[in-house]
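Engineer: Sharing a structure here in structure tokens format.
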Amino acid sequence: MQRENGYSSVIIGLESTGHYWFNLANWLVYQEIDVVLVNPMTTKRNKENRDNSQSKNDIKDALIIADAVSRGYYRDWNKQDDFFQQLRVIVDEREYWSDQQVNLKNRIQRCLDIVFPEYTQIFKDWTCPRSIATLKAFPLPADVKNLTAQNVIEGWRKEGFKRAGGNTGKQKATDLINQARFSVGSTSALEERKKEISRLVEEYERSIAILNQIKQEMIILLQKIPMVVERMKSIKGLSPLYITVILANAGDLSQYKHGKQFLSQAGLNLAESASGKKKGQIVISKRGRRQLRKYLYLAVIGLVVNNPAFKSWHEYNIKVLKMKRQRSIFKLIGKLARILIGMARNEEFFNPEKTSALVKDIAA
């Protein structure tokens, strides 16, 4: 087609759905062919424009994607350096195991609610070491109700809980036995319930070990760019996890000209619906990387607590500007984005004294 029409170059447009496009895009870039990505939401919203029908098939999707590319509704695909791809892989893996851990915790809590609903009266947090040892040694009320406090303590020791005894241990063991004797939990399929709890706890401990291993791998990986990490760590409260996720999703921060580009990458740019005199609510677009959006939000929540400058800005937004807390948090996400891009482009460290002075000027 390029030769027949006398065109000098070609653009390949791909819909960035799942992982199916990834290898093809990288291969095309290697062949020095321009590759652009069309947002799946663009194709979804435009599928009725061609034939006024909600029908969907591969041929129609290809036409819609080509039409979107011809109109400029795309973003360029630039293959990231191997380092940033390594970060992306390890962050995605951590996210998977974090989700698995949450599912396991919910499943274990469900089992306890059925067979031993009084358990949380003894252990407010069932994930504590003594509770884990209890679930491994005595997962059911029937396993413990006829034992003595000393038997329970010995059972904890066998499961590797070193500080099993003492006054706290004796009291917890006594409370556990008393609650087990008068438990109103289900008494059906106990053997199957016991096996289920045992397997779930084993998998839960495995997920903890894997996440700790991934955490160490993240720290080792970040040592490849010590100056970049040190600059970002100069923002008190910005943990290695947040730094890793930000770099994995955004890549080299110095490539951005303004914080707005960074926010757009996360889908945190503002969208407004207005017509004539009617002015709709301003919301975030959510047309970006969900993972980056999530961790920027969590990072700012932590900064508001641990970083004096962000804490001052947050208080100013609430007390002086009368903002709601949630709106203030999102405003501070924008401020964090601008700070990160400015630090990366100017190769500067975060200066608490400078920011404190700015806060005083604003408050005055």
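Since every read-out is calculated from the coordinates, none of them should be taken as a lab result. On a predicted model such as this, the values are computed, not experimentally measured, just so you know. Please note: Cβ atoms are built from the backbone with ideal geometry, for glycine as well, and neighbour counts cover all protein chains shown.
Engineer: Would you mind pulling out the separation of the Cα centroids of region 79-144 and region 203-248, in Å?
Structural biologist: That distance is 21 Å.
Engineer: Let me ask something else about it. Between rounded, prolate and oblate, where does region 84-219 land on the alpha carbon gyration tensor, with a ≥ b ≥ c its root eigenvalues, rounded for a/c under 1.5, else prolate if a/b exceeds b/c? Please list the in-between numbers first.
Structural biologist: Values: a/c = 2.93, a/b = 1.82, b/c = 1.61.
Note, shape of region 84-219 comes out prolate.
Engineer: Testing the spin-label approximation: label points 7 Å from Cα along Cα→Cβ at Arg157 and Leu211. State their distance in nm.
Structural biologist: 3.1 nm
Engineer: Could I ask something else about it? Beyond 30 Å, what share of the Cα-Cα pairs of the chain remains, rounded to the nearest whole percent?
Structural biologist: Numbers: 38833 of 66066 pairs.
Result: 59 percent of Cα pairs exceed 30 Å.
Engineer: Next question, about the same structure. Angle check, please: helix 240-250 long axis (alpha carbons) against the longest principal axis of the chain (alpha carbons), in degrees 0 to 90, nearest 10.
Structural biologist: For 240-250 against the chain, the angle is about 30 degrees.
Engineer: Please give the calculated 222 nm ellipticity per residue for the chain, where each DSSP H segment of at least 4 residues contributes -39500 (n - 2.57) and the sum is spread over every residue; nearest 500 deg cm²/dmol?
Structural biologist: Details: 17 runs with 229 residues, N = 364.
Value at 222 nm, helices only, nearest 500: -20000 deg cm²/dmol.
Engineer: So how strong a dipole does region 2-79 carry about its Cα centre when Lys and Arg Cβ are +1 and Asp and Glu Cβ are -1, to the nearest 20 debye?
Structural biologist: Numbers: 10 positive and 10 negative charges, 48 e Å.
Result for region 2-79 is approximately 240 debye, rounded to the nearest 20.
Engineer: Moving on. Quote to one decimal, in nm, the extra length available between Arg345 and Ser234 on full extension: 0.36 nm per residue of separation minus the C-alpha distance between them. Can you show the working numbers first?
Structural biologist: On the way: separation 111, 0.36 × 111 = 39.96 nm, distance 1.55 nm.
Gain on stretching Arg345 to Ser234: 38.4 nm.
Engineer: Same structure again: What's the extension gain from Ile282 to Ala66 if we count 0.36 nm per residue and subtract their Cα-Cα distance? Each step should come with its number before you reach the end.
Structural biologist: Values: separation 216, 0.36 × 216 = 77.76 nm, distance 3.11 nm.
Contour length minus the Cα-Cα distance gives 74.6 nm.
Engineer: Relative to the longest principal axis of the C-alpha atoms of the chain, give the angle of the C-alpha long axis of helix 190-222, reported between 0 and 90° and rounded to the nearest 10°.
Structural biologist: Long axis of 190-222 versus the principal axis of the chain: about 50 degrees.
Engineer: Separation between the Lys319 and Arg290 pseudo-spin-labels, each 7 Å from Cα along Cα→Cβ, expressed in nm?
Structural biologist: About 3.9 nm, to one decimal.
Engineer: In what sequence, highest mean first, do 21-31, 139-149 appear when ranked by Cβ atoms within 10 angstrom?
Structural biologist: Numbers: 21-31: 13.3, 139-149: 17.7.
Those peptides, ordered most packed to least, come out 139-149, 21-31.
Engineer: How would you classify region 2-79 from its alpha-carbon gyration tensor, with a ≥ b ≥ c the square roots of the eigenvalues: rounded for a/c under 1.5, else prolate if a/b is greater than b/c, otherwise oblate? Don't jump to the answer; show the numbers that get you there.
Structural biologist: Numbers: a/c = 2.19, a/b = 1.40, b/c = 1.57.
Here region 2-79 falls in the oblate category.
Engineer: Give, as ranges by residue number, the residues of region 79-118 whose backbone N falls under 16 Å from the point 7 Å along Cα→Cβ of Asp175.
Structural biologist: 117-118
Engineer: What net charge is computed for the residues neighbouring Ser198, neighbours being all others with C-beta under 12 Å from the C-beta of Ser198, Lys and Arg scored +1, Asp and Glu -1? List each step's numbers first, then the result.
Structural biologist: Values: positive: Lys136, Arg193, Lys194, Lys195, Arg199; negative: Asp143, Glu159, Glu191, Glu192, Glu196, Glu202, Glu203, Glu205.
Net charge in that neighbourhood comes out at -3.
Engineer: While we're on this one: Order 83-96, 179-192 from most to least packed using the mean count of other Cβ atoms within 10 Å.
Structural biologist: Numbers: 83-96: 16.4, 179-192: 13.6.
In descending order of packing, they fall as 83-96, 179-192.
Engineer: Tell me the label-point distance for the pair Arg45, Ser9, using the 7 Å Cα-to-Cβ offset, in nm and rounded to one decimal.
Structural biologist: 2.7 nm
Engineer: Which residues among region 204-237 fall inside the zone where the amide N is under 19 Å from a point 7 Å beyond the Cα of Glu93, along Cα→Cβ?
Structural biologist: Residues 204-225 fall inside that zone.
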